[in-house]
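Novice: The structure under discussion is supplied below as structure tokens; questions concerning it will follow.
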Amino acid sequence: MQRSILRRMACNIRLPVLENQLTCPICLEVFKDPVMLQCGHSYCRDCLWGLMKESHIHLLCPVCRQEVDYSSSPPNVTLKHLIETLQILSEEQTTAETCPNHNNPLCLYCEQDQEVICGLCGTIGDHRQHPVTPLTSVYSRMKEEVSALMTELQKERGGLEEQISKLTNNKTRILNESDVFQRLICKEFRELQRYIAEEEAHFLKLVSTKATELINSIEIQLQQRNEILSIVQDKEKQLENLGNENHLHFIQVRHRPSCLCQPPLPRCADTSYSAVSFKPGFRQDDIKLTVWKRLHRRILPTPEVLKLDPLTAHPLLELSRGDTVVKCKSLAGRRGSNPEGFENSSCVLATRGFSTGKHYWEVIVGAKQKWRIGVVKGTVSRKGKMIRSPEAGAWLIGLKEGRYYEAFTSPSVYLPIQTRPQRIGIFLNYERGELTFYNADSPDELIPLYTFRAEFHGKLYPVLDVCWQERGTNPQPLMLPMSAAIKAP
């Protein structure tokens, strides 16, 4: 406590002033080992001892001249500790807190030069007329600045820790998703490898079967040729024996009806040879393309089993076979209109719509001369004539006059389809924005016909447009395959 008080005092009082107050009256130097007399005055022990030796009998205090007893003068411990403390403070101020120019305590702060100075520096030194501030005020201000900086750093640290946490969570999520995708990729490639192995076995079987057929045919020919060869060899031997007979016997035998010299009549008179080429039924260059086409069909989603919605059908359309077949009916069979049905277009929608994912379904068009199929938005107008264009929410292809295929874009696009398909496959990839039509007649491969590309919104419904019957030329129905009729790839 005493040292703390002294330190505060030393901050306000110059050390030389204190040293004058702590000077021995005899030697005029700072007390060394001070002792206190009965009168209350203090002296250095050595100085008082020398004074007592000179007086011989009685010792008088040099300050108050009062007679005192030296033997009863105790050490002044408090004064000794005070002197020691002041010496420590003096050393600290000399080394760290003293102005190097004026040897005064550093107690001011120059705002212009941003230096700690003493009072003389601010009045007569290099920093005169500069704005100065007491160190206590500067200390408080800087403490506030450090506190504000600390708050900002803590806030920044909190933000960084939050970002690190989010990045760590993101890393964990990516690792988990990566593991899931890796497992899915392994699964998909195992499936593809199984498909490839099956296709490889299929082609190897074709080659083996064709080779077996050809080899069996050649074996039969070999057997026939060997039988003829045996007959020819027997005849040759008989004729050779006949040639060794005498003249008379030779002539007699030669003119007999059953003479051995008559040409043999084998079962297969055609002994000509023609090489057989090995043709397995496909070219080597077609293997990859054929396998790709088959894989394309196999990797598509399982065909959807759809049904038609009678509530959306035009009044002159007739649905049958569990709402999977639609065709036009006579005017006499016209039924009442439905609020959800088409009024001016010969259309009907499927009961299911799609707003996400991948979907594949097929429509049997058969020999129908005119038709239109595809998808439409659920919000497409059903009361007026349906506008057949992607801008109006309809993505359709169709056939007219039994030979002209077109995609209903703006303007329509002619489709150069050579082989007339009986079954149309439709593949919708909603997120990718693709609607592709295929010739699905072959159970092994799909032949692309046309692809729409758009950004889909809302629910899309498969639609069948049977097109109005003209003088009985377009009576055939359109059909959705039932589950038993759809062949699994």
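The values are calculated or read from the model by the stated rules, or taken from the named source; none is laboratory data. All of these numbers come straight from a predicted model, not from anything done at the bench. Cβ: placed from backbone, ideal geometry, glycine included. Neighbour counts: every protein chain shown. Only protein heavy atoms, including side chains, enter the accessible area calculation; ligands, DNA and RNA are left aside. Shrake-Rupley method; radii C 1.70, N 1.55, O 1.52, S 1.80 Å.
Novice: Ignoring everything except DSSP H segments at least 4 long, calculate the 222 nm mean residue ellipticity for the chain; use -39,500 (n - 2.57) per segment, divide by total residues, nearest 500. Intermediate results must be reported in sequence, preceding the final value.
Specialist: Values: 8 runs with 182 residues, N = 489.
Value at 222 nm, helices only, nearest 500: -13000 deg cm²/dmol.
Novice: Between VAL207 and GLU318, how many nm apart are label points set 7 Å from Cα along the C-beta direction?
Specialist: 5.5 nm
Novice: Compute the signed sum of charges (Lys and Arg +1, Asp and Glu -1) over the other residues within less than 12 Å, Cβ to Cβ, of VAL77.
Specialist: On the way: positive: LYS80; negative: ASP33, GLU84.
That sum, taken over residues with Cβ under 12 Å, equals -1.
Novice: Would you mind checking the tilt of helix 45-55 against the longest principal axis of the Cα atoms of the chain, expressed as 0 to 90 degrees and rounded to 10?
Specialist: 10 degrees
Novice: Rounded, prolate or oblate: which one fits the stretch 380-463, using the alpha carbon gyration tensor with axes a ≥ b ≥ c (rounded when a/c is under 1.5, else prolate when a/b beats b/c, else oblate)?
Specialist: On the way: a/c = 1.97, a/b = 1.32, b/c = 1.49.
Oblate, since a/c reaches 1.5 and b/c is not below a/b.
Novice: Let me ask something else about it. I need the calculated FRET efficiency for the pair ASP444 and SER217, taking r as the beta carbon distance and R₀ as 25 Å, to the nearest 0.05.
Specialist: Computed FRET efficiency for ASP444 and SER217 comes out at 0.35.
Novice: I'd like to check one number: the per residue accessible area of the chain, probe 1.4 Å, reported in Å² as a whole number. Kindly include the intermediate steps, with their values, before the conclusion.
Specialist: Details: 31870 Å² over 489 residues.
Solvent-accessible surface per residue comes out at 65 Å².
Novice: Return the lysines within reach of LYS205: Cα separation strictly under 18 angstrom, same-chain partners fewer than 8 residues apart disregarded; answer none if there are no such residues.
Specialist: LYS279, LYS288
Novice: Considering amide H positions built from the backbone, and no H for Pro or chain starts, which residues 5 or more places from GLY378, or on another chain, come under 5 Å of its amide H?
Specialist: Under 5 Å from the amide H of GLY378: LYS459, TYR461.
Novice: Moving on to the next point. Find the all-direction average of the projected area of the Cα convex hull for the stretch 281-359, expressing the result in square nanometres with one decimal place.
Specialist: On the way: hull surface 36.0 nm².
About 9.0 nm², averaged over all directions.
Novice: Calculate the length of the line joining the C-alpha centroid of the stretch 299-326 to that of the stretch 378-452, in whole Å.
Specialist: Here the two parts' Cα centres lie 17 Å apart.
Novice: In the stretch 138-181, if every C-alpha pair distance is counted and binned at 5 Å from zero, what percent goes to each bin?
Specialist: Calculated P(r), rounded to whole percents: 6, 19, 13, 12, 10, 10, 7, 8, 5, 5, 3, 2, 0.
Novice: Right, here's the next one. Scan around ILE117 for amide H atoms under 5 Å from its own, H built in the peptide plane at 1.01 Å from N, and keep only partners 5 or more places away or cross-chain.
Specialist: Those lying under 5 Å, H to H, from ILE117 are CYS107, LEU108, TYR109, CYS110.
Novice: Roughly how many nanometres apart are two label points built 7 Å out from the Cα toward the Cβ at THR356 and SER147?
Specialist: For THR356 paired with SER147, the spin-label model returns 5.4 nm.
Novice: How much length would be gained if the chain were fully extended between ILE387 and ARG128, taking 0.36 nm per residue of separation minus their Cα-Cα distance, in nm to one decimal?
Specialist: Between ILE387 and ARG128, full extension yields 84.0 nm more.
Novice: Please name which of SER208, ILE185, GLN233 has its Cα lying farthest along the dipole of the stretch 182-236 towards the positive end, using unit charges on Cβ (Lys, Arg +1; Asp, Glu -1) and the Cα centre as origin.
Specialist: Toward the positive end, the furthest listed residue is ILE185.
Novice: Hey, if you drop one equal point scatterer on each alpha-carbon of the stretch 77-167 and run the Debye formula without solvent, what base-10 log of I(q)/I(0) do you get at q = 0.11 Å⁻¹?
Specialist: Treating every Cα as an identical point scatterer, log10 I(q)/I(0) equals -0.55.
Novice: Given the options THR324, THR356, LEU435, identify the residue whose Cα lies farthest towards the positive end of the charge dipole of the stretch 324-441 (+1 on Cβ of Lys, Arg; -1 on Cβ of Asp, Glu).
Specialist: After comparing all options, I get THR324.
Novice: Separate question: For the chain, what is the charge dipole size about the Cα centre, in debye to the nearest 20, if Lys and Arg each add +1 at the Cβ and Asp and Glu each add -1 at the Cβ? Can you show the working numbers first?
Specialist: On the way: 61 positive and 56 negative charges, 778 e Å.
Result for the chain is approximately 3740 debye, rounded to the nearest 20.
Novice: Another question, then. Along the charge dipole of the chain, Cβ charges K/R +1 and D/E -1, which of SER165, PHE408, VAL63 sits furthest on the positive end?
Specialist: Farthest towards the positive end: PHE408.
Novice: What distance in nm separates the simple spin-label points at SER277 and ILE299, each placed 7 Å from Cα in the Cβ direction?
Specialist: With each label point 7 Å from Cα toward Cβ, the separation is 3.4 nm.
Novice: Enumerate the calculated ³J(HN,Hα) couplings along the stretch 446-459 in order (Karplus 6.51 cos²θ - 1.76 cosθ + 1.60, θ = phi - 60°), each rounded to whole Hz, writing x wherever the residue is Gly or Pro.
Specialist: 10, 9, x, 10, 6, 10, 8, 10, 7, 9, 7, 9, x, 7
Novice: Amide H neighbours of LEU415 under 5 Å, at least 5 residues apart or on other chains, H built in the peptide plane: list them.
Specialist: Result for LEU415 returns TYR405, GLU406, ALA407.
Novice: Can you tell me the mean projection area, over all orientations, of the convex hull of the chain's alpha carbons? Units nm², please. List each step's numbers first, then the result.
Specialist: Working: hull surface 287.9 nm².
The number I arrive at for the chain is 72.0 nm².
Novice: Would you list which lysines come within 29 Å of LYS155, measuring only between C-alpha atoms, while excluding same-chain residues fewer than 8 positions from it?
Specialist: LYS143, LYS166, LYS171
Novice: Can you pull the accessible area of GLU343 for me, 1.4 Å probe, Å² to the nearest 10?
Specialist: Number for this one is 80 Å².
Novice: Only Lys, Arg, Asp and Glu count, each charged at its Cβ (+1, +1, -1, -1), so figure out the dipole size of the stretch 47-189 about its Cα centre, rounded to 20 debye. Let's see the in-between values first.
Specialist: Numbers: 13 positive and 20 negative charges, 97 e Å.
Using Cβ point charges on Lys, Arg, Asp and Glu, the stretch 47-189 gives about 460 debye.
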